[in-house]
Amino acid sequence: MFDRFIRLARAKKALQEQRFLDALQQASDPLIESDRRSERIRREATEQLIQRVRTRLQSGDVATAQAEARRLAQLVDGERVQDCLLYTSDAAD
């Protein structure tokens with residue numbers, strides 16, 4: 001029980017500190033991944049990472065945007081993540 005609390009607290013802190021990849025990884029820990037609070041952290045971190053990829057693309061930093069989109073796709077499944085990955089691929093062409 002105490003381990004779950006500590007892991008959730010670490011994931012929440014990473015999210016608050018805008019360390020979105022870290023928050024996503026921490027909230028994906030098998031010990032806490034089914035917890036609704038962990039799901040909220042993963043959802044928020046994913047949204048923020050998608051936004052960061054879009055911002056990097058708009059600023060012309062295509063290589064970094066692609067790298068972040070690929071890393072995000074490794075950690076999260078979902079249509080929005082796949083769309084983000086495709087969008088970065090299209091921008092590189």
Quiz item: Tell me, what is the percent relative contact order of the chain, built from C-alpha pairs under 8 Å that lie six or more residues apart?
Solution: 21
Quiz prompt | Rg and Dmax of the chain, Cα atoms only, in Å | solution = 14.0, 49
Practice problem: Could you give the size of the charge dipole of the chain about its Cα centre, using +1 on the Cβ of each K and R and -1 on the Cβ of each D and E, expressed in debye and rounded to the nearest 20? | Solution: 460
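How much of the accessible area of the chain, in percent, comes from carbon and sulfur atoms when a 1.4 Å probe is used?
47
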Quiz prompt | Vicinal HN-Hα couplings computed from phi for region 77-83 (Karplus, 6.51 cos²θ - 1.76 cosθ + 1.60; Hz; Gly/Pro x) | solution = 8, x, 5, 5, 5, 5, 4
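What whole-number value in Å² describes the accessible area per residue of the chain for a 1.4 Å probe? Let's see the in-between values first.
On the way: 6070 Å² over 93 residues.
Result: 65 Å² per residue.
The values are calculated or read from the model by the stated rules, or taken from the named source; none is laboratory data. Here the structure is a predicted model, which is why all the values come from computation and not from measurement. No Cβ is skipped: glycine too gets one built from the backbone with ideal geometry, and neighbour counts run over all protein chains shown. Ligands, DNA and RNA are stripped out before the accessible areas are found, and what is left, the full protein with its side chains, is counted by its heavy atoms. Shrake-Rupley method; radii C 1.70, N 1.55, O 1.52, S 1.80 Å.
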